[in-house]
Amino acid sequence: MQKIIAANFKTNHTRASTKTYLEALDKKIDQSDRIYVFPTSSALCKNNFQHLKIGVQNAYPVINGAFTGEIGLEALHEFDIQTILIGHSERRNILGESQKFCADKFNFFAKNGFEIIYCVGEDLSIRQKGFNALKKFIQTQFAGIPTNYDKLIIAYEPIWAIGTGLSATTEQIEQVHQSIKDISPAPLLYGGSVNAKNAEEILHAKAVDGVLVGNASLDADSFYHIIEQGRK
Ligand code: PGA
């Protein structure tokens with residue numbers, strides 16, 4: 001299966017720089033690539049590129065209504081957006097999203113036919129408790145999630161590896177990925193300090209179907225280099 005390569009811009013890039021980036025990237029990829037870009041909400045644009053798909057980093061599980069600062073389904077429809085990131089550790093930990101809220105959001109967007117990249121991952125204190133504790137913790141992050149949803153993609157992102165420059169080792173990734181594969185048949189991405197240098201090894205590790213990239217996706221050349229590693 002073709003590797004899935006996804007870029008999470010987080011709170012980076014302007015509407016103008018996103019446009020330049022997306023147009024250039026779309027020209028370099030083709031039908032056989034599976035590329036997603038999650039720009040900031042203010043840089044969302046019509047999801048009508050030839051090859052890449054635009055997703056939203058976050059939205060509120062509602063069609064519209066009184067939820068100050070949030071975007072609802074109706075607004076996403078205007079851009080033909082059908083892909084959403086749910087459960088990212090920055091939303092769980094910085095924005096305080098509970099497992100119950102992640103599951104409610106998941107079920108709302110699943111009901112509306114969205115493709116969902118659902119993120120799970122442990123912090124350092126859990127990893128230090130050993131593999132059984134880690135496995136148990138990851139299981140709790142699937143509470144309320146229909147793991148056989150056909151438009152589900154899972155991303156395993158250990159928090160200690162996100163934005164730190166310290167990626168998990170191939171061995172660590174394979175171990176956790178095998179146990180997530182027991183939970184769900186969905187394609188499984190790794191995320192956490194993936195870059196142009198380590199992408200090849202990670203992308204070809206066992207049970208790795210792709211990568212979710214933050215920092216190293218911000219530069220179009222570096223992201224394209226990661227895409228090339230997935231084609232090998
Ligand atoms: P990073 O972020 O590549 O900057 O570590 C990954 C993510 O949070 O999705």
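Considering (1) over 15 Å from ALA110 (Cα atoms); (2) outside any strand (DSSP E or B), say which one TYR60 fails and leave the rest. Evaluating TYR60 over (1) over 15 Å from ALA110 (Cα atoms); (2) outside any strand (DSSP E or B) leaves (1) as the failure. Checking ASN215 against (1) within 15 Å of the ligand (Cβ to nearest atom); (2) crowded, with 20+ Cβ neighbours inside 10 Å, which test does it fail? ASN215 satisfies every listed condition except (2).
Residue-by-condition table, conditions (1) touching a residue at least 60 places away in the same chain (Cβ under 8 Å); (2) away from the ligand (no atom under 16 Å from the Cβ); (3) of a type in the set (A, V, I, L, M):
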position: ASN107; (1), (2), (3): no, yes, no
position: CYS119; (1), (2), (3): yes, no, no
position: LEU134; (1), (2), (3): no, yes, yes
position: ASN195; (1), (2), (3): no, no, no
position: GLU201; (1), (2), (3): no, no, no
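Looking for whichever is free of Cβ contacts under 8 Å to residues at least 60 places away in the same chain, exposed (fewer than 14 other Cβ atoms within 10 Å of the Cβ) and within 12 Å of the ligand (Cβ to nearest atom) here; the options are GLY165, GLY130. Which one fits?
Numbers: GLY130 fails: within 12 Å of the ligand (Cβ to nearest atom).
GLY165 is the lone residue from the list that is free of Cβ contacts under 8 Å to residues at least 60 places away in the same chain, exposed (fewer than 14 other Cβ atoms within 10 Å of the Cβ) and within 12 Å of the ligand (Cβ to nearest atom).
Out of ARG34, ARG92, ARG15, I need the residue that is more than 16 Å from the ligand (Cβ to nearest atom), under 27 Å from PRO158 (Cβ atoms), out of contact with any His (no Cβ under 7 Å at 6 or more places or on another chain) and basic (Lys, Arg). Which one?
Values: ARG92 fails: more than 16 Å from the ligand (Cβ to nearest atom); ARG15 fails: under 27 Å from PRO158 (Cβ atoms).
So the residue among ARG34, ARG92, ARG15 that is more than 16 Å from the ligand (Cβ to nearest atom), under 27 Å from PRO158 (Cβ atoms), out of contact with any His (no Cβ under 7 Å at 6 or more places or on another chain) and basic (Lys, Arg) is ARG34.
Scanning the stretch 133-186 for residues that are acidic (Asp, Glu) and in a helix (DSSP H, G or I) yields GLU171, GLU174, ASP182. Looking at the structure I just gave you, is ALA110 at pLDDT 95 or above, of a type in the set (A, V, I, L, M), within 30 Å of LYS46 (Cβ to Cβ) and assigned to a helix (DSSP H, G or I)? Taking the combined requirement at face value, the residue satisfies it.
The values are calculated or read from the model by the stated rules, or taken from the named source; none is laboratory data. Fair warning: this is a prediction, and the values are worked out from it, not measured in the lab. Neighbour counts run over all protein chains shown; Cβ positions are idealised from the backbone, glycine included.
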